Amino acid sequence: LWRIDESFAKIPKKYKKLQPALSEIVEFWNENQKISYYADLCSMSESNFRRLFREYMGISPIDYRNNIRLTHAKNKLQSGEYNVSEAAYESGFTNLSFFIRLYKEKYGHTPKKEYN
């Protein structure tokens, strides 16, 4: 967690409001919170939160969370201890076809290629 705190210390002042949501997403990436939950953490309207988050991170809050989940899924698959559906579920994805589509978009191949 110290690395997370260290990286948040570098957030430009304009985006400091996002810190509670960023911390929450990084720590609880496997929970399916709505955007309104993250906006409330930052004391912002949902539309302002979405706009500011995308401006700072370059992607939506959900895409950010999904990228974290995909990284965890890839690690699980590469460990050889999880099959594709187990890795998807353990990484917070409830829809296997959605997981496979996102995985292929991010890594250029299906998750089955990672699974030995």
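For a Förster distance of 22 Å, can you work out the FRET efficiency between the beta-carbons of Lys106 and Lys13, rounded to the nearest 0.05? Present the calculation step by step, with values, prior to reporting the outcome.
Working: r = 31 Å, r/R0 = 1.41.
FRET efficiency, Lys106 to Lys13: 0.10.
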Debye log10 I(q)/I(0) for the chain, one point scatterer per Cα, at q = 0.15, 0.16, 0.20 Å⁻¹: -0.70, -0.78, -1.04
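Counting pairs of alpha carbon atoms under 8 Å apart in space and at least six apart in sequence, what relative contact order in percent does segment 2-116 give?
Details: 95 pairs, mean separation 22.8, N = 115.
Value for segment 2-116: 20 percent.
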Could you sort the peptides 16-25, 38-47 by per-residue average Cβ neighbour count (10 Å cutoff), highest mean leading? 16-25, 38-47
Rough spin-label spacing in nm, given labels placed 7 Å along Cα→Cβ, for Glu81 and Ser60: 3.3
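Residue separation times 0.36 nm, minus the C-alpha to C-alpha distance between Glu90 and Thr71: what's the value? Before the final figure, lay out the partial values.
Values: separation 19, 0.36 × 19 = 6.84 nm, distance 1.18 nm.
Result: 5.7 nm gained on full extension.
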Flagged as over-length at 18 Å C-alpha distance, from Lys74/Lys106; Lys76/Lys113; Lys34/Lys106; Lys34/Lys112, the pairs are Lys34/Lys106; Lys34/Lys112
Relative to the longest principal axis of the chain, what angle (0 to 90°, nearest 10) does the C-alpha long axis of helix 96-107 take? 80
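With every protein chain present, what is the per residue accessible area of the chain (1.4 Å probe, Å²)? Intermediate results must be reported in sequence, preceding the final value.
On the way: 7160 Å² over 116 residues.
Each residue of the chain exposes 62 Å² on average to a 1.4 Å probe.
The values are calculated or read from the model by the stated rules, or taken from the named source; none is laboratory data. Everything numeric in this text was worked out from a predicted model, so none of it was measured. Please note: Cβ atoms are built from the backbone with ideal geometry, for glycine as well, and neighbour counts cover all protein chains shown. Each accessible area value is taken on the protein alone, full model and side chains, heavy atoms only, with ligands, DNA and RNA left out. Shrake-Rupley method; radii C 1.70, N 1.55, O 1.52, S 1.80 Å.
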